[in-house]
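The values are calculated or read from the model by the stated rules, or taken from the named source; none is laboratory data. Keep in mind the model is a prediction, meaning the values are calculated, not measured. Glycine gets a Cβ as well: all are built from the backbone with ideal geometry, and neighbour counts include every protein chain shown.
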Amino acid sequence: MAGEPVTASVENGVETWTMQNVPVNALNPELAAAFEERLDATLANDEVSVVLLESGLKVFSAGADATWIAAVVKEKGASGLVDDFKATLDRFRGIWQRMRESDVLFVACIGGHAIAGGLELAAACDLRFAADDDAIKIGASEMKLFGVMPSGGGGTQYISRLMGPARALAFLLEAEPCSPKRAVDLGLVERLCPAEELHASAQAFGSTLAKRAGRVGLNAAKRLTLDAAALPLGQALEFDASVHWDSMRRGGFVPGVDAFVARFG
């Protein structure tokens, strides 16, 4: 329905979340509530293996809602904003952590500016596709505007794991946005697509994976790369073996072997 901050549709195991929190998909309590509701429904639907997160507006997300911030400051002062702002960003932090820890693959489709909290949101997804359009800006402006790092929703941690600590530190301190093409070079974005093909490319990618691996296979892929990479090698290898063999037993390996033997055996 028009006016909902986030709408969803499903095709071939891929659910598309479309943000339309007018005018710029700003992060505020209403969008947090919409994400929480949508995430609960998605994780309860076993037919969904991949989520594409995209915008129905010209901007992917411009970060925290300036109108909401101004209203809180008017009512409670700048010091009072800190508590309200923290409470809302804690909600987003929890949402993004649930997305990352879930057995669903989340792909951000960046077809417009992703700034500040908007970049945090994209970085919290498992993968990022972006339109190949130099007019699009991707960056974190917090250090330039407020003298703080973009960590309200855990953004520094997601961004550091994408770019590497030193390069992420320089990027966040400089607080200058970059183009999608430069974001690929920096490690913030994994794939560029022609702007008019962004959704179709992500949909084809997600549909292939949903059919090939399903939730079990995609969850194993997430755990063995995103989670294991943070462990010491010895622990990572033990974790790898546990997740790998569990996914083979529960996933598509056995029917895949049957089909392989029937074809080539």
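Some notes on this structure:
- Filter result for Ala236 (touching a Gly at 6+ places or on another chain (Cβ under 7 Å) and surrounded by 13 or more Cβ atoms within 10 Å (Cβ to Cβ)): no
- Looking only at residues of the range 1-21 that are part of a loop (DSSP other than H, G, I, E, B) and surrounded by fewer than 13 Cβ atoms within 10 Å (Cβ to Cβ), we find that the one that is modelled with the highest pLDDT is Gly3.
- Selection status of Val24, closer than 18 Å to Arg100 by Cβ, modelled with pLDDT of 95 or more and in a loop (DSSP other than H, G, I, E, B): no
- The set of residues in the range 91-141 that are hydrophobic (A, V, I, L, M, F, W, C) and either in a loop (DSSP other than H, G, I, E, B) or modelled with pLDDT under 95 (or both) comprises Val104, Ala116, Cys125, Ala135, Ile136, Ala140.
- The criterion of at least 3 residues that are farther than 27 Å from Ala122 by Cα is met by the following helices (runs of 4 or more DSSP H) wholly inside the range 175-265: 233-250, 253-264.
- Out of Gly111, Gly152, Gly147, Gly117, sole residue that is in contact with a His (Cβ under 9 Å, 6 or more places away or on another chain) and assigned by TED's automatic domain parsing to the domain that holds Val48: Gly111
- For the range 72-96, a residue qualifies if it is free of Cβ contacts under 8 Å to residues at least 60 places away in the same chain, out of contact with any Asp or Glu (no Cβ under 6 Å at 6 or more places or on another chain) and surrounded by 14 or more Cβ atoms within 10 Å (Cβ to Cβ), and the qualifying residues are Val73, Leu81, Asp84, Asp90, Gly94.
- Cross-chain or 6+ apart pairs with Cβ under 9 Å, the range 223-234 first and under 18 Å from Trp245 (Cα atoms) and not assigned by TED's automatic domain parsing to the domain that holds Ser102, then of a type in the set (Phe, Trp, Tyr) and assigned to a helix (DSSP H, G or I): Arg223/Phe239; Leu224/Phe239; Asp227/Phe239; Ala228/Phe239
- Qualifying residue in the range 40-58 (condition: in a helix (DSSP H, G or I), buried (at least 21 other Cβ atoms within 10 Å of the Cβ), assigned by TED's automatic domain parsing to the domain that holds Phe92 and in contact (Cβ under 8 Å) with a residue 40 or more places away in the chain): no
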